[in-house]
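Colleague: This is the structure I want to talk about, given as structure tokens.
The values are calculated or read from the model by the stated rules, or taken from the named source; none is laboratory data. Since this is a predicted model, take the numbers as computed values, not measurements. Here the Cβ is made from the backbone with ideal geometry for all residues, glycine too, and neighbour counts use every protein chain on show.
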Amino acid sequence: MFIVRRIFFALVLLLAVSFFTYMLFAMLPSDPAALTCGKNCKPDVIAANRIRLGYDKSLIEQYWLFLRGIFAGRDYGTGAAAFSCGAPSLGYSFGQHECVTTLITQTFPVTAYLSIGAFVLWMLIGISSGAVAALNKGKWQDRAASIFTSIGVSLPTFYIGLLVLFSVVIWLRILPFPSYESPFDNFPTFLRTMILPWLVLAVLSAASYTRLTRNGMLEAMNEDFVRLGVAKGLTTRIILRRYVMRQALVPIVTIAGLDFAGLLGGAIITESVFSLPGMGKMSIRAVVESDLPVLVGTTMVAAVFIVVANVLVDIAYGYLDPRVRVK
Amino acid sequence: MSQDIALQAVNLVKYFSTGSSGVLGRATSIVQAVDGVSFTLPTGKTLGIVGESGCGKSTLARLVTRLIEPSSGSVVLDGVDITNLSGKALREIRRKLQIIFQDPYSSLNPRHSIGQIIGDPMRIQGIVTKGNEKAEVQELMQRVGLNPEHYNRYPHEFSGGQRQRIGIARALSLRPSVIVADEPVSALDVSIQAQILNLLENLQKDLGLSFVFIAHDLSVVRHIADQVAVMYLGKIVEVGDSATVYKNPAHPYTKALLSAVPVANPSLRNSDKRIRLVGDVPSPIDPPSGCRFRTRCWKASDLCEAVEPPLQADGSGRVVACHFPEEQAVAVGQSPQ
Amino acid sequence: MLPDVVLSVRNLSVVFHTPDGDVVAVNDVSFDLRSGETLGIVGESGSGKSVTASSILRLNNSNTASTTGQIFVSGVDVLSADESDVRRIRGSEVAMIFQDPLSALNPYYTVGKQITEAYLVHHPDASKDDARSVTLEMLKKVGIPNPEKRIDEFPHQFSGGMRQRIVIAIALINNPKVLIADEPTTALDVTVQAQILDLMKELQTEFKMAIVLITHDLGVIAEAALDVLVMYGGRIVERSSVDALFSEPAHPYAWGLLGAVNSLSNSSRGALVTIAGSPPSLIDLPKGCSFNPRCSHAFEKCSTQVPILRSVGTLGSVTACHLPDETILSLGRKAAAQ
């Protein structure tokens, strides 16, 4: 029942997001029709496009068509110049002459690979360094971890990304310039391209997990039930696993879920620095070119990931912490 | 204005909603924390309220001091109904009615000096002029046994017993006539408890205060209270003169409670007088029908399940809520089993 | 024939190294515990009683605490043994129960899992089914109703009294020789407290255990203990049989405690007997006898020399006080008679 309720509210939330996103972009001062055909645009082309893309209709009607398009696809224009975008249609990008949904399906896998790789790496780095710090509290490992954390959370991605790119590719020439290819087409190139963005993103994101893990473990180690576990004669390994980590990981897992979802919306900066053709890079290009349909589409997709992640995290929390489960 | 009755609770009820169900998350369960409690506190006297966890005594303390609102019922202070007061009127009655909390570690703002903690109420209520504030606070500090020179120190620099003294000084700063003390000594060591209890008794004598003293420790209540009310699962089951209730409890729960207290006398060990109650206290969300104590009472009968016993005078100067109250002349060694 | 000694603590001292200085939490504590007996340790906050208890199973954090002395269990000195030997003793020869049953249980695992875990650690060859049936037996013994269903429930689904029973079940599952109970009833309601004390006594007889019972409540001591150690400021200040403690207490601190408790249970409304002042700061203990600032019988020697434990009276009591024997006995009898 709890799950049904969460899903229901999630759907309501998504609807609200779609509304506000659409309205936000629709209310921008620029004329979306004028943006459809570049600089040297004749007024009658603009007018024709306006009608074709539905920009002549009221905002509410436009929103409604947009919403309907998500479920039923959308037709544009009439007669010979008509075309349509199949469901789920998130709009049409004049700048790229393509349905937004298609654009997203093309670029999303890159973002996904980037996110998954980085996620796995940062969890490994973050949790293990946090654990080492907690188990060696006060000693050099702990201090090193805290330096790492401070650096990691303070340095901006674009700076480190560019620095790494410069050192590794240009100066040390260890790796070639990143040039993305699908893992199914050319796996070695894929790896060579992704390794740097994975590492940069992972190391920078790991920092806060180091701190989370360290503090979570230290708190858990002070708990009475951990003392009782020791008093039972359990080995340190079992205590760490079933008592300390079990407690420390609960908030970490939930936060990680949300962070990962955020990343899926497009790691804009990393993708730009390393020239990865992902959703983030596409979003930047859309901003520069004022390609509103693309922006609306990618924002929606990012929002969906976050809302879904929230629901999943809520459900997971109930699973992870028996005290929270509703009967 | 002095009246015979300092504080009165009339049929106080407080229900809390909890749990949730359905798509919109409506509350499914109601915690009947306090379910129809009435008492009278005569001026200058101490009423002790005794009960175990879940009986509602802390909720009662907050209801009576208007820190929370009752679901129904009323609170009468010095003849005036204060149940529905708010805003300025409510702030005014704070000058007459104050509360002392249980935990000396969490009831004081760690960022305020004790001069501030004790002096703020006076200043906010405007009963002291700016110049006088420090002198008044220091006088209070001395009265409760603190060194006035510690005016600028912070709570963490004091021990538990001293912090409780600060809490008492704060309660006194508005010169109230009634103080509700919610387990004021439970968190303290035994030797310190005695000091604080002595202090409270002396303050009562010197300042003519009326106390509602809430505790789970029966010996503490026995010592300090003139009258004792015993609570169980949101209801009062017995009220009477302190000495009488302790010597000859009328309600089975009171009897069990008293016999459960470990006595500091090894020769009384293993005596047959001990009553062992079976099971745990039922949940206040779903209290037993009829008499709430019946699930653990050795005398329970069908009548107890069907009809809730009303709180009635039993002729010995007290009221009891039981269909089969204990006989008043109990022979020693009479086993209830 | 006296029963065997099952636990022997010799000159135990524990010093915590804190940023504010060294805290001598336990100072030269020695005692013996015989099979089947209950030793009560009574004291207030800062007395060192809890640290003494946790030292027996070497639970103190070795990074912050220096523990010296010897603690003999089954022929092994816990304080100098290998970690693996100590682990073997924990939970099987010597078991411990803590004060707060809610925080003592792992909230993420079922109650059954936590009991079987304790069993399987010391019976690695046992099958899961064996462990489960032993666990069910134990749950029945500690008085959990409907054990077959409740064995798979989580700690938060039980009430305080039930949880303490589960903690006891965990402690006793391997039939330990010694049970250390650190304030086992302090966090419980009075009626539940009585149940738990009775349960512990029953199980003690059945399992033939020795119990170290730590509490601040003299009533609990009177109910359950055979011998008593009174601790103050990290030291033992008195050791006597429970009868002697209540009829002829042999230390001013004990007089104060007894006085406070007795005057509280008196029906008269007079002022309570108190002990002036507050428990000492362990970083800055008073010189000489650490109780002397609060002692109404203190004299010059008390603030310069630490009193050594010596026998006093005919009831086998031992005291750490500079007052002469006759004074101690007469003042003690007076304190007990109030």
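Colleague: Considering region B:77-100 alone, what residues qualify as being buried (at least 19 other Cβ atoms within 10 Å of the Cβ), in contact (Cβ under 8 Å) with a residue 40 or more places away in the chain and not charged (D, E, K, R)?
Modeller: B:LEU77, B:LEU97, B:GLN98, B:ILE99, B:ILE100 - these are the residues of region B:77-100 that are buried (at least 19 other Cβ atoms within 10 Å of the Cβ), in contact (Cβ under 8 Å) with a residue 40 or more places away in the chain and not charged (D, E, K, R).
Colleague: Looking only at region B:153-185, which residues are β-branched (Val, Ile, Thr) and away from chain C (no Cβ under 13 Å)?
Modeller: B:ILE166, B:ILE168, B:VAL178, B:ILE179, B:VAL180
Colleague: Quickly run through region B:289-321 and pick out the residues that are surrounded by 14 or more Cβ atoms within 10 Å (Cβ to Cβ), part of a loop (DSSP other than H, G, I, E, B) and either free of Cβ contacts under 8 Å to residues at least 40 places away in the same chain or among the acidic types (Asp, Glu) (or both).
Modeller: Answer for region B:289-321, where residues must be surrounded by 14 or more Cβ atoms within 10 Å (Cβ to Cβ), part of a loop (DSSP other than H, G, I, E, B) and either free of Cβ contacts under 8 Å to residues at least 40 places away in the same chain or among the acidic types (Asp, Glu) (or both): B:GLY290, B:CYS291, B:ALA300, B:GLU308, B:PRO309, B:ASP314.
Colleague: When you go through C:SER263, C:SER290, C:SER278 one by one, which is the residue that is surrounded by 14 or more Cβ atoms within 10 Å (Cβ to Cβ), closer than 27 Å to B:LEU218 by Cβ, assigned by TED's automatic domain parsing to the domain that holds C:ILE328 and without any contact (Cβ under 8 Å) to a residue 60 or more places away in the chain?
Modeller: Only one candidate qualifies: C:SER278.
Colleague: Sticking with this structure for a sec: Could you run through region B:270-292 and say how many residues are away from chain C (no Cβ under 11 Å) and under 22 Å from the mean Cα position of the chain (by Cα)?
Modeller: 4
Colleague: I would also like to ask the following. For region B:242-269, which residues satisfy the criterion of being more than 9 Å from every other protein chain (Cβ to nearest Cβ) and of a type in the set (S, T, N, Q)?
Modeller: Scanning region B:242-269 gives B:THR244, B:ASN248, B:THR254.
Colleague: Same structure, new question: Which residues, taken from region B:204-245, are at pLDDT 90 or above and part of a loop (DSSP other than H, G, I, E, B)?
Modeller: Residues satisfying the conditions are B:GLY208, B:LEU209, B:ALA225, B:ASP226, B:LEU233, B:GLY234.
Colleague: Same structure, new question: Give region C:299-320 a look and list any residue that's assigned to a loop (DSSP other than H, G, I, E, B) and out of contact with any Ser or Thr (no Cβ under 9 Å at 6 or more places or on another chain), or say none.
Modeller: C:PHE299, C:THR304, C:GLN305, C:ILE308, C:THR314, C:ALA320 - these are the residues of region C:299-320 that are assigned to a loop (DSSP other than H, G, I, E, B) and out of contact with any Ser or Thr (no Cβ under 9 Å at 6 or more places or on another chain).
Colleague: Go through region B:111-185 and tell me which helices (runs of 4 or more DSSP H), entirely inside it, have 2 or more residues that are over 27 Å from the mean Cα position of the chain (by Cα) and over 23 Å from C:GLY277 (Cβ atoms).
Modeller: B:114-124, B:133-143
Colleague: Given (1) of a type outside the set (Lys, Arg); (2) more than 30 Å from C:CYS295 (Cα to Cα); (3) more than 9 Å from every other protein chain (Cβ to nearest Cβ), where does C:ILE180 come up short, assuming only one miss?
Modeller: The failed condition is (3).
Colleague: Now for a separate question. Return yes when C:SER296 is in a loop (DSSP other than H, G, I, E, B), within 22 Å of the chain's Cα centre (by Cα) and not assigned by TED's automatic domain parsing to the domain that holds C:SER47 and no when it is not.
Modeller: No: the conditions fail for C:SER296.
Colleague: What single numbered condition from (1) within 13 Å of chain A (Cβ to nearest Cβ); (2) touching a Pro at 6+ places or on another chain (Cβ under 7 Å) fails to hold for C:SER84?
Modeller: Just one mismatch for C:SER84, condition (2).
Colleague: Output yes when any residue across region C:308-322 is at pLDDT below 90, surrounded by 18 or more Cβ atoms within 10 Å (Cβ to Cβ) and farther than 17 Å from C:LEU229 by Cα, and no when none is.
Modeller: no
Colleague: Just to be sure before I move on: is A:ASN40 among the polar types (S, T, N, Q), within 18 Å of A:ASP291 (Cα to Cα) and surrounded by fewer than 17 Cβ atoms within 10 Å (Cβ to Cβ) in the structure I sent?
Modeller: So A:ASN40 passes the test.
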